[in-house]
Amino acid sequence: MNTFKPGVGCAMSVLVNVIVMLGMLVVVPAGLRLMDAAELASIRRIWPVFAVPGAVALWLPRSTTAAVLAGLYALGTLALAVQAPRRLGRVLEVAPSARRAGPAASGACNRKAEDRPRTGRTWATPTTPRVRVPGVAGQARLLKHAPARTRSLAPAEVAQLTALVTPSVAGLALVAERAGHELFGFGLTVLALTVPHFHFAGFTAALVAGLVCRTTAGAAGRFAALSVPLGTLLVLAGYFLDDWAELLGALVLTAGMWTVALLTWRDVRAGGRDGVTRTLLAVSAAVLVATMLLALSWALGEATGLPHPNLTWMAATHGLGNALGFALCSVLAWRRLKETTA
């Protein structure tokens, strides 16, 4: 995708292509394995059928052949997007047995507590064996299997649904850019940069925000799981409205991602059982602080006219940092956490 200025265009196009390939071939399939959803199993198995043609399309000149190969990748992203409404329908279904199980289980716990002898103001446990308190990963597993209590859509699920939908935006932009068509009036450079943006600021950011929310189970986690999808939506709306709307989206998205970084550093990292996992989590959290600050400076400059990095500089810093430092480190760390608990 040679869409940058002469002199730096070749180098930056190669960089963007490598970043996009990383998203297609590594981050997205690794992220899908972090979603415990049986309906995604078939898509996970055949994902290379979509991703490999898309990766090849990046390196071809703009042509019908490149557009067709990009279209195959777009079909894969649409297959993911189709799973979102199906998943939403299942989430909103609350079985009567699950509604009854909540109060029943709670009552059983209360009855067991009443049978214990009291010591001062606390309940004393008459047994002597040591009790293991579940760590971060264990808490996430307990939360996952907890019975549903209401028909409300949990913030973590909102984030996961967003992760399923956003790659389709990247897929559509890729087809238009490879065909040399300015989609909705957007230039080819904007379309080229939309592809990595919705792989990392769309798919990966929402996925990780949902995982962090499920693991930490607090107000901050819920805020992150809601603000990241909202910020992504506002940034997309800003494409069609104006730079001020895009700045608002960048502010919301940054607030959400910095919350993800804080919770990852403070809570999730502490639950890592080995140094490699903790290091990956630490890097992903630290990188977010810098990359999202760059995103804010660019959006503010576009809206106000203040000096700010150009797109070439943003691709080399914000884009590369998010791809390697945040997205890749995050999915590798969460995969290690998942394997440890399994």
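The values are calculated or read from the model by the stated rules, or taken from the named source; none is laboratory data. Given the structure is predicted, the values throughout are model-derived calculations rather than measurements. Here the Cβ is made from the backbone with ideal geometry for all residues, glycine too, and neighbour counts use every protein chain on show. Ligands, DNA and RNA are stripped out before the accessible areas are found, and what is left, the full protein with its side chains, is counted by its heavy atoms. Shrake-Rupley method; radii C 1.70, N 1.55, O 1.52, S 1.80 Å.
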Legend entry - Residue-wise HN-Hα coupling along region 32-42, computed from phi with Karplus coefficients 6.51, -1.76, 1.60 (Hz; x: Gly, Pro): 5, 6, 7, 8, 7, 9, 4, 5, 8, 4, 5
Legend entry - Sulfur and carbon atoms: percent of accessible area, region 20-68 [1.4 Å]: 70
Legend entry - Dimensions in Å of region 252-327 - Rg and Dmax from alpha carbons: 14.0, 47
Legend entry - Heavy-atom SASA rank of Thr189, Thr65 (probe 1.4 Å, accessible area, largest first): Thr65, Thr189
Legend entry - Over region 170-321 - Rg/Rh using Cα atoms and the Kirkwood inverse-distance radius: 1.00
Inset, instruction - With label points built 7 Å along Cα→Cβ from the Cα atoms of Leu153 and Ala316, find their separation and express it in nm. - result: 4.1
Inset, instruction - Quick one: what are the phi-derived ³J(HN,Hα) couplings along region 182-197, Karplus 6.51/-1.76/1.60 with θ = phi - 60°, whole Hz, x for glycine and proline? - result: 7, 6, 6, x, 7, x, 5, 5, 4, 5, 4, 7, 5, 4, x, 4
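Multiplying the sequence separation of Trp244 and Leu88 by 0.36 nm and subtracting their Cα-Cα distance, what value in nm do you get?
Values: separation 156, 0.36 × 156 = 56.16 nm, distance 3.16 nm.
The span from Trp244 to Leu88 would gain 53.0 nm if fully extended.
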Inset, instruction - Note down the nm distance, to one decimal, between modelled labels 7 Å out along Cα→Cβ at Trp59 and at Arg33. - result: 2.4
Inset, instruction - Calculate, in nm to one decimal, what Lys338 and Ala286 gain on full extension: separation in residues at 0.36 nm each, minus their alpha carbon distance. - result: 16.5 nm
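Rank-order 328-339, 264-275 by packing density, defined as the average count of other C-beta atoms within 10 Å over each peptide's residues, highest first.
Details: 328-339: 21.2, 264-275: 17.5.
Packing order, densest peptide first, comes out as 328-339, 264-275.
Order Thr254, Thr279, Thr340 by their accessible area, 1.4 angstrom probe, all chains in place, largest first.
Working: Thr254 5, Thr279 80, Thr340 60 Å².
Highest to lowest solvent-accessible surface, that is Thr279, Thr340, Thr254.
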